[in-house]
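The values are calculated or read from the model by the stated rules, or taken from the named source; none is laboratory data. Just so we're clear, the structure is a prediction, and the values are computed from it rather than from any experiment. Cβ coordinates were reconstructed from backbone atoms using ideal geometry, including for glycine residues, and neighbour counts include every protein chain displayed.
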Amino acid sequence: MLPWRSWLSEGEAVVDLLQVVVDEAAKAAATSAVGAVSTAGRNVVSLLRERLGTGKSGKDTLSSRALAVARADKEWADRLIEAVSELHAENASTATAGIENFRNHFAILADPPRTGLKLIVGPGGSGKTELARQIADRVQEDFPSGRVEVPLARYRDGDEFDAAAVKRYVLEEFGIPRGEIPVDDEQLDRQFLSVLVTRSFVLILDDVRLAAEPALFTRFRTSLVLATASVYSRELKACDPTAIELSGLDVEGARQLLVDFCGKVRPLDEPVEADQLIGLCDRMPLALREVGVTLAGRAGETRPVATLLDEYRATGVVDAEGAIQDSMRRTFARLSDAAAEACALLAEHPGGFFTRATAAAMTGDPKVLDELIAAQLTVQSGDWYSLRILVGHYARKLPADRDAAFDRLLAYVRDTAVAADFRENPRRLRTYVVPPKRTWELPVDHIDWLEWHRSLIGELVKLACLRRRYKETLQLAGAFEALVNKRWYWREFVEISDWAVKAVEADEDAKPGQLPRALMMRGKARYLARWFPAALEDLDRAAEILAGPAVGIADRRWRTLRASLAEFRGRFHEERADLLVHRQAGKAEIERELSEAARRLRLACALSMELEDGPALAIHPRMLANVLIKLGEPAEAIAVLGTMTAEGRNQARIEMVYANAYLALGELPEARARFGSAWNQLVSQRATQYAWELRELQARLMTAERDPGAIEVWGSLAYDATQLGHPRADRYFTALESSPAGRRP
């Protein structure tokens with residue numbers, strides 16, 4: 001198990017959800033005071049006034065009072081929980097169930113479960129997921145926040161379950177932008193709880209194996225959790241002793257489903273034979289689908305069902321598995337040799353999903369995918385395709401040159417990712433071996449391409465390392481940095497950087513500088529996830545290597561790595577200081593971390609100055625100035641900023657630091673001018689990732705200027721952060737409460 005990853009733990013089960021509920025209720029009351037209120041918000045405020053009166057109090061005080069009442073009055077607490085669960089119903093999941101109209105289990109659908117956890121257990125192909133979707137469809141009007149379906153197999157490694165990845169997926173399904181989801185576990189947990197207690201929804205958990213998996217969601221009493229499982233284990237029975245157990249469809253449902261897939265053939269014209277065929281399939285939906293597809297190809301025959309049964313008897317097909325395999329054999333027999341081989345190769349495509357371009361790269365044939373699509377062997381989702389489950393299982397047994405196919409795919413993705421990296425910034429520090437082809441030629445944005453292919457790149461990094469393709473592992477990991485720097489995919493980069501370190505350590509031909517760089521990048525990913533002990537180990541190892549002489553590498557490049565390490569170590573201590581502030585630690589402890597951050601960043605500036613490294617000198621002084629402002633040294637921060645030259649987005653960021661420094665000094669006209677410059681530049685560049693920081697700076701500046709409109713800006717920030725469930729909402733409410741009274745919307 002990787003120690004920095006967030007797996008389910010017993011600690012998550014003891015979170016006081018009632019505290020989370022009253023916190024969200026208090027936020028709703030606080031934002032309603034500045035005019036940001038919905039019907040659901042008014043209902044919450046009305047409940048609070050019912051028991052707490054109309055007196056003015058801050059968010060935290062109101063939350064404490066509400067918690068005390070809720071603990072003493074269960075009936076009122078239940079009403080408050082229900083009201084809070086509707087606060088963000090307008091931010092409902094837009095996911096659709098994709099019902100295929102399986103005529104399935106009418107008795108269950110007539111009186112479907114509506115609360116808590118309901119397990120649906122049955123063998124593969126028995127229609128578990130489809131039944132869950134139909135139940136969700138029947139009860140959807142009771143759950144205004146929509147529904148979310150989670151394919152748990154994607155987030156499981158053996159018996160280990162990546163809870164953090166599931167939380168991020170669910171948050172995104174509820175419309176939380178990925179860039180607004182915290183990297184570290186502590187803040188991620190807070191956001192997850194805030195978002196889910198303010199929504200009432202149906203959740204479908206597909207392929208549950210461990211009791212801890214549904215436990216992540218069953219805490220939210222106003223939602224319905226439908227979980228499918230292939231094995232009804234003892235621990236799952238403890239979760240739901242009265243699970244729905246499937247062994248196939250109802251007889252009538254099986255007949256109707258067979259008709260759905262038979263095309264022009266009418267199997268019910270041969271009722272006895274049709275029932276025999278359904279019995280042979282054990283009324284299993286997947287088997288019935290395949291048999292239906294086989295029958296559809298026999299349109300025009302006199303008695304197609306009886307004839308197919310005779311063929312089954314002659315070839316020894318006696319059960320559902322045999323019928324499925326027979327259907328697959330018939331399907332593949334109709335394909336060209338090239339299409340059959342392509343199917344065998346695509347069954348091994350990393351991650352299971354492919355685009356036309358990656359399919360062409362892997363198969364070596366840009367046209368063969370069309371034949372697979374025409375044969376209905378694929379499922380499409382946007383620009384991505386996958387093989388149908390049964391098709392993939394069958395195709396994996398077919399002969400094909402899979403090693404050559406992997407090499408083609410690896411080369412294509414590597415070349416394109418590296419080209420995207422160079423398109424973003426040809427001058428940044430790299431230690432990977434640069435391939436000859438590095439010109440971006442695709443008619444799409446290079447960062448968008450990296451983002452669309454991030455999961456595939458992650459899979460290829462791992463597989464390339466396991467196949468001892470260490471050079472390509474480092475090239476892909478290095479190119480991924482362009483996406484991380486632009487769109488903040490640090491959580492994904494934690495695992496990618498771990499494979500990069502493994503690749504360098506295993507590569508006998510590794511280049512000097514590659515190991516310290518890989519360690520530094522993994523260390524950065526870890527400290528941003530606030531796994532500080534592991535991050536410090538990486539940075540210390542990198543420091544030990546770089547303390548030695550430059551051997552086999554240019555001295556300038558060696559010193560550039562040292563400057564980069566100093567930057568990373570400075571940011572490490574700044575992140576620790578920020579966490580201490582969040583946890584309300586002592587001033588001396590916080591200042592100790594900030595002082596160490598400043599010392600490291602001064603070293604980074606000095607090394608970059610010696611090297612006359614322009615790109616670094618456009619970054620390191622700004623980082624140092626930020627820390628100096630936090631240390632209460634704004635005048636020194638301004639002096640440091642005066643040594644910088646930068647352009648584009650970096651210049652706008654420098655203007656923001658200037659504005660913060662002048663604001664700290666009380667020089668408001670200069671602060672206002674710098675803020676205006678930063679605002680105009682970032683708006684013209686459409687650099688939305690700094691929107692929160694810029695709006696917060698605006699609010700602090702207006703507060704210092706005694707502008708009565710400051711309360712509106714703080715209220716807007718608090719409301720928007722609350723809508724996202726983001727932990728930063730707390731500091732906005734604190735600022736809102738301390739703002740001078742002003743005009744209301």
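Within the range 655-671, track down each residue that is part of a helix (DSSP H, G or I) and closer than 18 Å to L631 by Cα. Scanning the range 655-671 gives M656, V657, Y658, A659, N660, A661, Y662, L663, A664, L665. Every condition in (1) farther than 16 Å from Q723 by Cα; (2) surrounded by 20 or more Cβ atoms within 10 Å (Cβ to Cβ) is met by F192 except one, and the failing one is (1). Does T31 satisfy being among the β-branched types (V, I, T), in a loop (DSSP other than H, G, I, E, B) and either at pLDDT below 75 or crowded, with 18+ Cβ neighbours inside 10 Å (or both)? Judged against the criteria, T31 is not a match.
Is it fair to say Q256 is assigned to a helix (DSSP H, G or I), at pLDDT below 90 and among the polar types (S, T, N, Q)? In short, yes.
Restricted to the range 303-339, and to residues there that are part of a loop (DSSP other than H, G, I, E, B) and not basic (K, R), the residue that is farthest from the chain's Cα centre (by Cα) is G316. Reported count of residues in the range 140-182, each being farther than 23 Å from E495 by Cα, within 12 Å of the chain's Cα centre (by Cα) and free of Cβ contacts under 8 Å to residues at least 40 places away in the same chain, is 0. Being closer than 30 Å to L546 by Cα and either outside any helix (DSSP H, G or I) or without any contact (Cβ under 8 Å) to a residue 60 or more places away in the chain (or both), is that true of even one residue in the range 447-457? The answer is yes, given that some residue of the range 447-457 is closer than 30 Å to L546 by Cα and either outside any helix (DSSP H, G or I) or without any contact (Cβ under 8 Å) to a residue 60 or more places away in the chain (or both).
Among the criteria (1) surrounded by 15 or more Cβ atoms within 10 Å (Cβ to Cβ); (2) free of Cβ contacts under 8 Å to residues at least 40 places away in the same chain, the one P669 does not fulfil is (1). Check the range 134-157 and report whether any residue there is surrounded by 15 or more Cβ atoms within 10 Å (Cβ to Cβ), under 20 Å from R289 (Cβ atoms) and among the basic types (K, R). No: the range 134-157 contains no residue that is surrounded by 15 or more Cβ atoms within 10 Å (Cβ to Cβ), under 20 Å from R289 (Cβ atoms) and among the basic types (K, R). Out of everything in the range 499-519 that is surrounded by fewer than 22 Cβ atoms within 10 Å (Cβ to Cβ) and charged (D, E, K, R), what residue ends up being nearest to A534 (Cα to Cα)? By that ranking, first place goes to K502. Among the residues making up the range 80-124, those that are at pLDDT 70 or above, within 22 Å of P285 (Cβ to Cβ) and either of a type in the set (K, R) or not in a loop (DSSP other than H, G, I, E, B) (or both) are F106, A107, I108, L109, A110, K118, L119, I120, V121.
Being assigned to a helix (DSSP H, G or I) and more than 22 Å from Y489 (Cα to Cα) holds for only one residue in L131, L205, and it is L131. Just give me the residues in the range 613-639 being acidic (D, E) and under 16 Å from E567 (Cα atoms), in sequence order. Matches in the range 613-639: D613 only. Among the conditions (1) under 20 Å from S126 (Cβ atoms); (2) in a helix (DSSP H, G or I); (3) aliphatic (A, V, I, L, M), the only one that L216 does not satisfy is (1).
With respect to being within 19 Å of D407 (Cβ to Cβ), charged (D, E, K, R) and surrounded by fewer than 19 Cβ atoms within 10 Å (Cβ to Cβ), E371 falls outside the description. Pairs linking a residue in the range 223-247 that is within 23 Å of F143 (Cβ to Cβ) to a residue that is small (G, A, S) and crowded, with 23+ Cβ neighbours inside 10 Å, with Cβ atoms under 6 Å and 6 or more positions apart or on different chains, are S223/S200; L226/A132; T228/A132. Could you please let me know if V379 is of a type in the set (A, V, I, L, M, F, W, C) and within 27 Å of S564 (Cα to Cα)? No; evaluated as a whole, the condition is false for this residue. The residues of the range 39-77 that are more than 22 Å from R221 (Cα to Cα) and surrounded by fewer than 18 Cβ atoms within 10 Å (Cβ to Cβ), listed by number, are R49, E50, R51, L52, G53, T54, G55, K56, S57, G58, D60, T61. Per the conditions (1) of a type outside the set (S, T, Y); (2) at pLDDT 90 or above; (3) assigned to a loop (DSSP other than H, G, I, E, B); (4) closer than 25 Å to E574 by Cα, the sole criterion not satisfied by R706 is (4). Looking at G300, G279, just one residue is surrounded by fewer than 19 Cβ atoms within 10 Å (Cβ to Cβ) and in a loop (DSSP other than H, G, I, E, B), and that residue is G300. Looking at (1) under 30 Å from Q187 (Cβ atoms); (2) at pLDDT below 85, which is the one condition that is false for P151? Answer for P151: the failing condition is (2). Selection within the range 402-457: residues that are exposed (fewer than 13 other Cβ atoms within 10 Å of the Cβ) and of a type in the set (D, E). The member of this set that is farthest from the chain's Cα centre (by Cα) is D403. Of all residues in the range 385-434, those that are part of a helix (DSSP H, G or I), out of contact with any Asp or Glu (no Cβ under 6 Å at 6 or more places or on another chain) and over 19 Å from Q514 (Cα atoms) total 23.
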